[in-house]
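**Q** Next up is a structure, given as C-alpha cells.
Values in this text are rule-based calculations from the coordinates and carry no lab data. Remember, it's a predicted structure, so these values are computed and weren't measured experimentally. Using ideal geometry, Cβ is built from the backbone for each residue, glycine included, and neighbour counts are taken over all protein chains shown.
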Amino acid sequence: MTKTTLDPQETEKKITVYVNGYRHEKTVEPSTHLIDFLRDHIGLRTCRTGCEHGVCGACTVRMNGEIVRGCLILAVHADGNDIETIDAASERGDLKDLQTAFHSHNALQCGFCTPGMLFTAAALINEKPLATRDEIREYIGGNYCRCTGYQAIVDAIQVVLVKRQKKHRLGNENNRD
Ligand code: FES
Ligand code: FES
C-alpha cells in the first residue's frame with residue numbers, strides 16, 4: 001500500500017489508482033474524497049454518495065479487498081491501491097448468489113443502497129459464515145435502506161449464508177468418504 005503524505009501547501013496531487021483492474025493516473029485536489037474521485041474523475045456513476053459523513057454506507061467500495069467508505073477516505077490515500085466497485089464485482093460473478101437472493105426476496109426497490117449493501121453482506125459472509133439473524137442485522141446496521149425494509153434484506157443474506165453452510169457441510173462429508 002502506498003503511503004501518500006500531504007503537504008498543506010499543495011493544491012493538486014498526482015495519483016495512480018487501480019480501479020476495477022484499470023490503471024488511472026489523475027491529478028486531484030488533496031481534499032477530494034475517494035467516492036467523488038470514482039464518480040467525477042473515473043465516471044463511475046454506480047458509486048453512490050448519501051450522507052457523506054460515514055453513516056449510511058451507500059458509498060461502500062473495496063480497497064485492496066476490504067470494504068471501505070468512500071466518503072471517509074481521500075483519493076490521495078488510495079494512491080497505488082486497488083479499488084473495486086460494484087461494476088467489476090458483479091461482472092466477475094463475485095456477488096452473484098447475493099444478487100440473485102436480493103432479487104428473489106425483493107430486497108431492493110430504488111437500488112440506491114444496494115451496491116453498499118451487497119459489499120457489506122459479502123464481507124459478513126466471509127467474516128462470519130455462521131452468523132445468526134441478529135448478527136446479520138447488527139453487521140448491516142451501518143448500511144441504511146430508505147425504501148425496502150430490512151426484513152427482506154436480512155432474509156436474502158440469510159438464505160445465502162444457509163446455502164453456503166450446506167455446501168461447506170457437504171464438502172466436508174465428501175472429503176471424509
Ligand atoms: S455516503 Fe459514505 S457513509 Fe454515507
Ligand atoms: S433499495 Fe432504495 S434505499 Fe435501499
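**Q** Please work out whether region 13-89 counts as rounded, prolate or oblate from its C-alpha gyration tensor, where a ≥ b ≥ c are the square roots of the eigenvalues and a/c under 1.5 means rounded, while otherwise a/b larger than b/c means prolate and anything else oblate?
**A** Oblate.
**Q** Hey, another quick one. Tally the DSSP beta bridges in the chain and give the antiparallel ones as a percent, rounded to 5.
**A** 90 percent
**Q** Mind putting together the pair-distance distribution for the chain? All Cα pairs, 5 Å bins, whole percent per bin, short to long.
**A** Pair shares across the bins are 1, 8, 16, 19, 17, 13, 10, 7, 4, 2, 1, 0, 0, 0.
**Q** To continue, here is another question. For region 95-171, just say rounded, prolate or oblate: build the C-alpha gyration tensor, square-root its eigenvalues into a ≥ b ≥ c, call rounded for a/c under 1.5, and beyond that prolate if a/b exceeds b/c, oblate if not. Write down the numbers at each step before the final one.
**A** On the way: a/c = 1.99, a/b = 1.56, b/c = 1.28.
It is prolate, given that a/c is not under 1.5 and a/b is the larger ratio.
**Q** Kindly provide the GluC sites (Glu not before Pro) of region 12-93 that DSSP labels as loop, not H, G, I, E or B, and whose Cβ sees at most 11 other Cβ atoms within 10 Å.
**A** GLU12
**Q** Next up: If exposed means no more than 10 neighbouring beta carbons inside 10 Å and the site is in a DSSP loop, what's the longest run of the chain without any exposed trypsin sites (Lys or Arg not before Pro)? Please report the intermediate quantities before stating the final value.
**A** On the way: sites that count: LYS3, ARG45.
In the chain, the maximal stretch lacking such sites is 46-177.
**Q** Hey, what number do you get for the chain at 222 nm if only DSSP H runs of n ≥ 4 count, each worth -39500 (n - 2.57), divided across all residues, to the nearest 500?
**A** -11000 deg cm²/dmol
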